[in-house]
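**Q** Handing you this structure, nothing more for now.
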Amino acid sequence: MQVLEIAIDALEAGAIRPFWSAVLGYVDEPGRSGTWDALIDPLGQGPAVWFQRMDEPRPQRNRIHLDVSVPHEEVAARISAALAAG
């Protein structure tokens, strides 16, 4: 089992959240519709998209990253495979 989420850094999530909702066809998580709350795939197939609050712009860094969570016993093998893949 693994969990994949897409995190998007933002100074103001309210300015970009509607865009990502429209582009992906995602909706508010049930009971959560705040500016900083995650968006989810209504079909339950794609990863959740959440917004990480930034204090100041960081133009040199990637503003989107993937959070991959796997069981502890799979971590070493997954890291080794990723390093071997380049």
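**Q** Of LEU4, LEU83, LEU66, which has the most accessible area with a 1.4 Å probe, and how do the rest follow in descending order?
**A** Greatest to least solvent exposure: LEU83, LEU66, LEU4.
**Q** So, one more: Antiparallel DSSP bridges in the chain: what percent, to the nearest 5?
**A** Counting DSSP beta bridges with both partners in the chain, the antiparallel share is about 60 percent.
**Q** What's the carbon and sulfur percent of the chain's accessible surface, probe 1.4 angstrom, rounded to a whole number?
**A** After summing per-atom areas, the C and S share lands at 57 percent.
**Q** Here's another thing I want to ask about it. If you rank ASP37, ASP9 by how much accessible surface each has, with a 1.4 Å probe, what is the order from largest down?
**A** Correct descending sequence by accessible area is ASP37, ASP9.
**Q** Gaussian network model of the chain, Cα springs within a sub-10 Å range: biggest mean-square fluctuation belongs to which of ALA48, ALA38, ALA76?
**A** Fluctuation is largest for ALA76.
**Q** Expressed as an acute angle from 0 to 90° and rounded to the nearest 10, what is the orientation of the C-alpha long axis of helix 13-24 relative to the principal long axis of the chain?
**A** For 13-24 against the chain, the angle is about 70 degrees.
**Q** With a probe of 1.4 Å, find how much accessible area the chain has per residue, and write the answer as a whole number in Å².
**A** 71
**Q** Compute the signed sum of charges (Lys and Arg +1, Asp and Glu -1) over the other residues within less than 11 Å, Cβ to Cβ, of GLU29.
**A** -2
**Q** Let me ask you something else. Report the gain in length on full extension from GLN2 to GLN45: 0.36 nm times residue separation, minus Cα-Cα distance, nm rounded to one decimal.
**A** Working it through step by step, the gained length comes to 14.2 nm.
**Q** Could you work out the relative contact order of the chain? I mean the mean sequence separation of Cα pairs under 8 Å and 6+ apart, divided by the number of residues, in percent.
**A** It comes to 41 percent, rounded to a whole number.
**Q** Let me ask you something else. Given that just one value was derived from the coordinates, which of (i) 52; (ii) 34; (iii) 42 is percent of Cα pairs over 18 Å apart?
**A** Of the labelled values, this structure produces (i).
**Q** Give me the angle, in degrees from 0 to 90, between the Cα long axis of helix 75-84 and the longest principal axis of the Cα atoms of the chain, rounded to the nearest 10.
**A** 80
The values are calculated or read from the model by the stated rules, or taken from the named source; none is laboratory data. Remember, it's a predicted structure, so these values are computed and weren't measured experimentally. Methodologically, a virtual Cβ is constructed for each residue, glycine included, from the backbone with ideal geometry; neighbour enumeration extends over all protein chains shown. The area values use the complete protein model at the heavy-atom level, side chains included, leaving out ligands, DNA and RNA. Shrake-Rupley method; radii C 1.70, N 1.55, O 1.52, S 1.80 Å.
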